[in-house]
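J.: I'd like to ask you about the structure that follows.
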């Protein structure tokens with residue numbers, strides 16, 4: 001490796017680390033993204049400077065990636081951000097798997113190379129292919145092209161999953177033992193692809209934020225392994241950063257749901273037919289009007305807004321911010337209770353609220369929000385469902401029992417904004433909706449909040 005490339009890689013992974021540090025909060029997230037992007041630009045230039053063959057292929061790849069990636073990222077709706085993250089992450093894993101295949105061909109089956117090169121490259125091929133195909137299934141579920149419920153092949157599903165993984169490992173071991181047939185590495189790629197599909201299919205929609213994080217970590221680890229095989233420092237460091245941060249986030253997300261990673265991968269949570277399943281609880285609910293909601297909010301001392309996926313779908317974050325500004329001018333204290341797994345990916349609600357310029361100090365985490373809710377006059381739930389369901393605390397037979405939830409039922413009154421009484425992503429009825437202190441304002445979240453804003457202006 002040339003001195004120029006070494007210095008460039010040092011600068012690149014320094015920028016990666018600074019960029020990752022910037023992603024710790026909404027205030028610095030944009031700067032963090034630009035810093036990491038600059039690091040990647042430096043890494044690309046450092047790789048190409050020493051001299052590379054097939055320049056036209058490299059330029060073609062850069063141009064095609066820019067043509068596809070930039071418009072897709074600019075046009076994506078906030079509600080579709082989780083599936084875009086899943087798709088882009090999967091493409092990274094697929095790229096690593098293809099590089100591993102090319103490395104096998106270029107070295108004629110790793111002949112004459114140290115064993116660690118073969119091990120690292122085959123690991124990258126296996127994990128990269130698994131991540132690519134698993135991410136495609138996650139994308140399909142989030143995009144509603146596939147059912148969000150767990151999908152299995154009956155009793156054969158788990159045995160087939162084990163067989164797929166065993167086959168991928170067997171092909172890889174054969175290569176390391178001296179096999180040079182290209183069909184062996186193709187077997188690794190196909191078997192691990194089958195394993196990735198079978199691994200993600202039985203995972204219910206409610207667990208998808210954790211799965212996205214796990215697949216992201218897997219892609220990072222595969223990239224780091226490929227960097228080791230290619231002796232590329234920037235790829236090793238970048239891959240390890242993604243793998244480590246994704247692993248930590250996966251652990252934190254699973255902990256926030258009070259579930260082990262093993263139980264998530266085993267599937268079963270969210271086992272209803274789909275999100276939005278019909279309500280089975282026939283107990284009566286109380287509905288309200290925008291004018292009544294406005295009066296309740298205007299005469300409250302403290303209001304806690306609980307955002308959920310319904311707010312994202314309606315793109316209501318800006319009108320919610322307008323409502324909060326009106327209330328604060330009337331002397332009402334307003335904060336936002338953000339559950340770690342609200343929405344369809346980690347930080348989904350934080351991103352939406354940051355887009356509406358909601359002050360970072362107003363965003364409260366799970367523990368802080370639960371400490372505030374008993375002293376709250378009105379908890380305004382906008383599109384959230386499973387993360388406010390009291391059954392997680394009270395019903396041992398509930399599939400979400402033990403999952404930490406926002407204790408909105410402890411506030412003096414609860415107002416829920418929702419399109420209908422359909423169940424959430426976990427596919428179960430919400431005990432909060434039939435609680436005596438809860439009233440329901442039905443309709444599109446953006447339209448409903450806009451009506452409340454109009455009523456507030458007239459008070």
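J.: From the list 152, 161, which one is farther than 30 Å from residue 65 by Cβ, in the same structural domain as residue 192 (by TED's automatic domain parsing) and buried (at least 18 other Cβ atoms within 10 Å of the Cβ)?
T.: 161
J.: What number of residues within segment 69-97 are modelled with pLDDT of 90 or more, surrounded by fewer than 16 Cβ atoms within 10 Å (Cβ to Cβ) and either within 27 Å of residue 121 (Cα to Cα) or touching a strand residue (DSSP E or B) at 6+ places or on another chain (Cβ under 7 Å) (or both)?
T.: So the answer is 0.
J.: State whether the residues of segment 268-277 include one that is outside the structural domain of residue 149 (by TED's automatic domain parsing) and either more than 16 Å from residue 201 (Cα to Cα) or at pLDDT 70 or above (or both).
T.: Yes, segment 268-277 contains a residue that is outside the structural domain of residue 149 (by TED's automatic domain parsing) and either more than 16 Å from residue 201 (Cα to Cα) or at pLDDT 70 or above (or both).
J.: Right, here's the next one. Taking the stated definitions as given, is residue 418 more than 30 Å from residue 150 (Cβ to Cβ) and outside the structural domain of residue 24 (by TED's automatic domain parsing)?
T.: The answer is no for residue 418.
J.: Related question: Is segment 31-43 home to any residue that is at pLDDT below 85 and not assigned by TED's automatic domain parsing to the domain that holds residue 242?
T.: No, that holds for no residue.
The values are calculated or read from the model by the stated rules, or taken from the named source; none is laboratory data. Predicted model only: the values in this text are computed from it and were never measured. Ideal geometry is used to build each Cβ from the backbone, glycine not excepted, and the neighbour counts take in all protein chains shown.
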